[in-house]
Each structure stands twice: as C-alpha cells, then as structure tokens.
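Data block below; observations after.
Values quoted throughout were computed directly from the atomic coordinates according to the rules given, and no laboratory measurement underlies them. Note that the structure is a prediction, hence the values are computed from the model and not measured. As a convention, Cβ positions derive from the backbone with ideal geometry for all residues, glycine included, and neighbour counts pool all protein chains shown.
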Ligand code: GUN
Ligand code: ZN
C-alpha cells in the first residue's frame with residue numbers, strides 16, 4: 001500500500017457483460033458492502049468488505065454507508081459551446097441551428113470567453129457524475145485549446161476536436177478547408193494521447209462541409225488512424241433531404257461519410273434516427289458507434305431512435321447514451337436515461353435501469369473502444385466513479401424509504417426510481433482518477 005492508496009467503503013454496481021444480451025445476474029456485479037481500492041488513479045481491487053478488510057486494516061477508509069457507487073458516467077456527444085443556449089424555444093433542427101446555435105458559437109473566437117464556458121461546462125459535467133465526454137467545439141482553435149487545457153487540469157478523459165465547417169452557415173462560422181486541415185494536424189500532434197485527452201476529427205455534418213473538406217477530413221483520418229471521427233448522422237428529415245441534394249452521388253447519408261473514408265470502429269455518429277436497415281447493417285460491419293440522444297431528439301422533435309435495432313443479435317451496432325446539450329435539455333445522464341426510457345415506451349419497449357446505466361458506462365466505453373481503460377471497476381482501469389444518493393430529494397426519499405438494496409431486484413426498483421426522479425442532486429460526489437473533484441455537500 002502506498003501513500004496514494006485510497007480505500008472506499010460503500011455499495012458498488014458495475015457491469016461485467018451487456019444486460020441487453022445477458023441476464024441481469026450474469027451481467028451485473030453488485031457488492032452490497034464492498035471496498036474499492038485505488039492506487040495512483042487506478043483501481044487496484046473491488047471486493048466485499050469482509051474479504052478485503054484484513055488486507056487494508058491499516059488504511060484510512062472513506063465511508064459512504066448509505067450510498068451507491070457506480071463507474072463515472074460517459075457522455076458520448078455534447079456541444080460545450082451550446083451550454084448557455086440550452087432550452088431555446090420553438091424550432092426544429094435546421095432553423096434552430098440558424099436562429100440560436102450559430103450566433104452563440106461565434107463567441108468562441110474569444111479565448112477568454114471560451115475559457116469561461118469550458119470551466120463552467122466541465123465543472124457541471126462533474127457535478128452530474130460525468131467523467132468522460134465526447135465534446136464538440138467550434139471552428140475556432142481558441143475553443144479547442146480552452147477545452148483541452150481545462151480538461152487536462154482536471155485529469156478528465158475528454159475526446160474533442162475542432163469543428164469543420166465550410167458552407168451552409170453564416171460567414172462568421174465558416175473556415176477555409178485547407179486552413180482547418182493545418183490547424184487540426186497541429187492540434188492532433190499537441191493533444192491526442194496527452195494525459196487522458198484524445199482527438200476527434202469533427203466535420204459538423206455533411207451539410208456544412210464541401211466534398212473537398214470531407215476529403216481532407218478523410219486524409220487526416222488516414223494520416224492519424226488512431227484519432228476518432230465524430231459527427232452527426234440522419235437526425236432530422238429535412239437534414240436528410242438537403243444532404244441528398246448536396247451529395248447526389250451518394251446512395252444515402254451514411255454513404256457520404258463512407259465515400260470519404262470516415263467510417264470505422266473509431267467513428268461516433270450522433271442520432272441515427274432516419275436510417276434504414278442497410279445503414280444499420282453497414283454500421284454494424286464497420287464497428288462505428290451511435291450516440292443515442294433522447295432529450296435532444298424529443299426536444300427538437302427529431303424522432304424516436306430505434307435502440308432495439310442497434311441492439312439486434314444479427315447486426316449489432318455499438319451504442320451509448322449522450323446528452324447533446326444544447327439541443328439536449330440537461331447535462332444530467334439521469335435525466336437523459338429518463339427520456340431514453342420514454343422514447344422506448346413510445347415504441348412499446350421497456351428499457352431497464354441496468355440497461356440505461358450500461359449505456360452510460362461500459363456500453364459507452366465499448367462504443368469508444370476504451371473498455372480497457374474506463375466503464376467498470378475492473379482492476380487496472382482508471383478510477384473514475386460516482387457516489388449516488390438515492391434519497392437526495394424529499395420525493396426520492398418517499399419513494400426509496402429504506403436503506404440499501406439487499407439484492408438485485410431491490411436494487412432495480414430503487415435505482416429505477418432514481419433514474420426517473422433524479423438529477424444532479426442525486427450525485428453526492430464524483431471522483432476522477434481517484435481524486436474527489438465534485439462534492440455535493442460543498443455546493
Ligand atoms: N447537426 C448539426 N449540428 C448540430 C448541432 O449543433 N446540434 C444537433 N442536435 N444537431 C446538429
Ligand atoms: Zn449534436
């Protein structure tokens with residue numbers, strides 16, 4: 001045991017398999033009274049208190065007796081520059097972008113402004129229990145620099161990159177494709193793999209890129225195959241129609257990205273609502289991942305994501321949960337799970353609380369091919385975790401009156417009520433790489 005060892009006593013929940021495909025008892029690990037041991041920011045052990053207490057009898061134990069601890073949550077798609085325009089009234093996607101989004105993103109040319117919002121955004125993620133996020137920026141290098149600098153100082157796992165836009169937006173939000181190419185190359189060299197940071201080549205969506213720009217994005221991907229590609233796909237009917245007009249050679253929307261070498265097992269596509277079976281099959285074959293953004297899809301009236309198609313047994317597509325703020329209506333993944341549940345109810349399907357948490361932990365880690373580093377309490381993974389208070393508000397206390405869940409059935413009941421009623425108030429504390437970075441009692 002070194003001086004950096006931390007020993008935490010509480011109840012613990014994580015996943016060892018996918019609860020969409022395996023039974024709850026085979027996919028879930030629930031340790032009712034456990035010890036989590038963290039050393040140098042990594043997990044050294046998780047087991048029952050009884051089995052580990054002798055080994056750590058000299059350690060000072062941090063105890064959360066009435067709480068539940070899960071791995072840190074992962075948000076697969078979120079726009080940090082849109083934090084301040086969340087909840088903008090009355091429009092669907094393309095009009096919403098013109099009216100609200102583009103003017104706000106213009107402000108991120110100012111490095112100081114970008115820094116202020118990056119600080120707010122990352123602290124807000126942590127207050128909500130989110131420790132890893134795939135983040136969109138703007139066309140301005142200042143916005144990328146601010147986000148990565150602040151994420152690095154918090155030791156967070158942030159995947160991000162400069163937004164690529166060359167057409168179909170106001171002049172103040174357009175960049176020259178070859179200038180963007182040079183800027184992104186420099187940023188990849190500066191940030192990709194630095195501490196816990198990773199880079200994503202981020203064309204906004206097909207509509208705002210010329211074929212020339214998408215081919216430069218493909219060139220970057222070929223030059224740096226380990227970086228991610230992150231963009232939007234088939235969110236809204238008018239968007240799909242406009243894309244078909246702009247790219248008449250492509251057989252469908254996904255094919256635009258395929259033609260430019262942008263679809264691989266390191267690609268994340270947000271939304272994927274208006275996709276046919278052929279596209280789901282090709283996504284499955286490529287290993288690309290979908291970010292399911294239920295609060296956004298309901299708020300903009302985009303449609304209902306067919307989660308069951310991505311979870312098919314024949315052509316499965318990797319999928320995780322995402323807030324998509326500012327079209328999404330909350331940075332809380334609990335609020336997002338609640339809307340994911342409703343999106344599935346509208347399709348006559350039920351999403352269990354364990355499936356919902358899987359989509360925001362190990363499932364999302366797999367979507368990012370980062371399951372060797374984050375997403376569960378496996379030994380040697382990075383020690384990002386959230387301490388949940390299942391009685392955080394009067395109504396949660398009324399609904400969850402007695403203490404700990406004694407078994408999986410009780411846990412399902414209590415955790416489901418939390419996912420439906422909870423928000424940032426249910427996050428008692430958030431740890432990143434073993435360090436306490438958000439603590440409800442200090443707000
Ligand atoms: N498609 C292109 N840009 C955006 C955006 O900023 N938000 C959402 N929800 N969809 C988009
Ligand atoms: Zn988005």
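Stokes-Einstein diffusion for the stretch 101-174, with the hydrodynamic radius set to the Kirkwood value over Cα pairs and evaluated at 25 °C in a medium of 0.890 mPa s, equals 194 µm²/s. Calculated on C-alpha atoms, the gyration radius of the stretch 299-443 divided by its Kirkwood radius gives an Rg/Rh of 0.96. Helix 141-153 versus the longest principal axis of the chain: what angle, 0 to 90°, nearest 10, using Cα atoms? Helix 141-153 sits roughly 10 degrees off the main axis of the chain. Could you let me know the centre-to-centre spacing of the stretch 266-332 and the stretch 176-242, using Cα atoms, in angstrom? Centre-to-centre (Cα) distance: 19 Å. In the chain, the calculated helix contribution to ellipticity at 222 nm averages -10000 deg cm²/dmol per residue, counting -39,500 (n - 2.57) for every DSSP H run with n ≥ 4.
Where in the stretch 54-89 is the amide nitrogen less than 20 Å from a point lying 7 Å along the Cα-to-Cβ axis of residue 4? Only 56, 59-62, 72 pass the distance filter.
For the stretch 362-439, take the convex hull of the Cα atoms, compute a quarter of its surface area, and give me that in nm², please. Intermediate values should be presented prior to the final figure.
Details: hull surface 24.3 nm².
Taking a quarter of the hull surface, the average projection is 6.1 nm².
To the nearest 0.05, what FRET efficiency results for residue 277 and residue 350 with a Förster distance of 35 Å applied to their C-beta separation? Display every interim value, and only then the final one.
Numbers: r = 23 Å, r/R0 = 0.66.
Computed FRET efficiency for residue 277 and residue 350: 0.90.
Taken over the chain, the alpha-carbon convex hull comes to 134 cubic angstrom per residue.
Quick one: work out the % antiparallel among DSSP beta bridges in the chain, nearest 5.
On the way: 28 of 61 bridges.
Beta bridges within the chain, antiparallel portion: roughly 45 percent.
Please list the three semi-axes, largest first and in whole Å, of the ellipsoid equivalent to the stretch 43-151, using sqrt of 5 times the eigenvalues of its alpha carbon gyration tensor. Can you show the working numbers first?
On the way: eigenvalues 326, 54, 23 Å².
Sorted largest first and rounded, they come to 40, 16, 11 Å.
First measure r as the distance between the Cβ atoms of residue 379 and residue 402, then evaluate 1/(1 + (r/R0)^6) with R0 = 30 Å and state the FRET efficiency to the nearest 0.05. E between residue 379 and residue 402, to the nearest 0.05, is 0.40.
Once the piece of chain linking residue 226 and residue 178 is laid out straight, how much longer is it, given 0.36 nm per residue of separation minus the C-alpha distance between them? Mind showing how you got there, number by number?
Values: separation 48, 0.36 × 48 = 17.28 nm, distance 2.13 nm.
That works out to 15.2 nm of additional length.
For the chain, the longest principal axis of the alpha carbon atoms and the long axis of helix 277-286 meet at an angle near 70°.
How big is the C-alpha Rg of the stretch 31-74 next to the rule-of-thumb value 2.2 N^0.38 Å, as a ratio? Let's see the in-between values first.
Working: Rg = 10.9 Å, N = 44, 2.2 N^0.38 = 9.3 Å.
That ratio works out to 1.18.
Per the Kirkwood formula on distinct C-alpha pairs, the Rh of the stretch 307-384 is how many angstrom?
On the way: mean 1/r = 0.0743 Å⁻¹.
Hydrodynamic radius (Kirkwood, Cα only) of the stretch 307-384 equals 13.5 Å.
Taking label points 7 Å from Cα along the Cα-to-Cβ direction, residue 251 and residue 91 give a separation of 3.5 nm. Considering the stretch 400-443 at the alpha-carbon level, its Rg and Dmax are found to be 12.8, 33 Å.
In nm, what is the difference between 0.36 nm times the number of residues separating residue 26 and residue 410 and their Cα-Cα distance?
That works out to 136.6 nm of additional length.
Using the alpha-carbon positions of the stretch 126-222, Rg (one decimal) and Dmax (whole number) come out as 13.6, 41 Å. Helix 408-421 versus the longest principal axis of the chain: what is the Cα-based angle in degrees, 0 to 90, to the nearest 10? Value to nearest ten degrees: 50.
Counting each pair of different Cα atoms once, what's the Kirkwood radius of the stretch 281-348 in Å, rounded to one decimal?
Across the stretch 281-348, the inverse of the average 1/r is 12.3 Å.
Here, the stretch 1-72 yields an orientationally averaged convex hull projection of 5.3 nm² when only Cα atoms define the hull. Computed over the Cα atoms of the stretch 151-310, pair by distinct pair, the Kirkwood hydrodynamic radius stands at 16.2 angstrom. Label-to-label distance for residue 119 and residue 16 is 4.5 nm, based on points extended 7 Å past Cα in the beta-carbon direction.
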